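A.B. asks: Okay, handing you the structure first.
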Amino acid sequence: MFKHSELKLDYELEATTTDKGRRYKTPEGLELPSVTTVLGFRGKAAILAWRKRVGEEEANKISRRAAGRGTKVHHMAEDYINNEPVYTQGEMPHVIQLWNSLKKSIDDHVDNVRAQEVPLYSADLRLAGRVDLIADYDGVPSIIDFKTSSRVKDREEISNYFMQACAYACMFEERTGIEINNLVVLMTVEDMKEPLVFIEKKEDWYDRLIEEITYYYENN
């Protein structure tokens, strides 16, 4: 059983999705782009080139599979950390394998849940989003982000993940006054028994995050 000492945030964000990405409306009336929309903006041309190269049908198939497995594993993690039953009956084998890999790491390292799947935003950064988990990782308060992948990725390939976690840390501090410096990305990979674990510090990614935010607003 996981211990919970969750902070209750007394607001909700209204989300909409358009061809320009996901946006959130704050209680103050601000309309802010999601973290993933901002961080993915620079790479949109590369994604369009990939879709053209593999063909729309194949690209849609790959995207649906990736989105489907990610959503299912995230929901399993959310239920499990909330001390609720996790049902895998009827799920595809690769989804069950991804979940089992992630579950072991959660069991071994995670406790003292502060927030899970809560909306966050920052008027200063002009960003919004929904964080996977804020909890202790090996006893250290951390932003914890879950990722699924069909292949092993190295640190250089996933800089956006670290900037995303950094953004959540900044938004959480702005909303609560609580500073969290530890960033953890748990990437569960198909056909691997253990997830890849990346642990970073907020201060190492803040400047890169600001660069991407600036690029988005100057070019969008």
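The values are calculated or read from the model by the stated rules, or taken from the named source; none is laboratory data. The structure presented is a predicted model; accordingly, all values stated were derived computationally and were not measured. For neighbour counting, all protein chains shown are included, and Cβ atoms are generated from backbone atoms with ideal geometry for every residue, glycine included. Each accessible area value is taken on the protein alone, full model and side chains, heavy atoms only, with ligands, DNA and RNA left out. Shrake-Rupley method; radii C 1.70, N 1.55, O 1.52, S 1.80 Å.
A.B. asks: List the pairs whose first member sits in region 1-29 and is on the phi > 0 side of the Ramachandran plot, whose second member is open to solvent by 70 Å² or more (accessible area, probe 1.4 Å), and whose Cβ atoms are under 8 Å apart, counting only residues at least 6 apart or on separate chains?
C.D. replies: Partner pairs satisfying both residue conditions: Gly21/Thr36.
A.B. asks: Looking at region 1-78, what strands (runs of 3 or more DSSP E) fall wholly within it and have at least 1 residues that are at pLDDT below 70?
C.D. replies: none
A.B. asks: Working only within region 135-156, note down all residues that are touching an Asp or Glu at 6+ places or on another chain (Cβ under 9 Å) and hydrophobic (A, V, I, L, M, F, W, C).
C.D. replies: Those that are touching an Asp or Glu at 6+ places or on another chain (Cβ under 9 Å) and hydrophobic (A, V, I, L, M, F, W, C): Ala135, Ile143, Ile144, Phe146.
A.B. asks: Output the residue which, of all residues in region 174-202 that are touching a helix residue (DSSP H, G or I) at 6+ places or on another chain (Cβ under 9 Å) and more than 25 Å from Ser101 (Cα to Cα), is surrounded by the most Cβ atoms within 10 Å (Cβ to Cβ).
C.D. replies: Result: Lys202.
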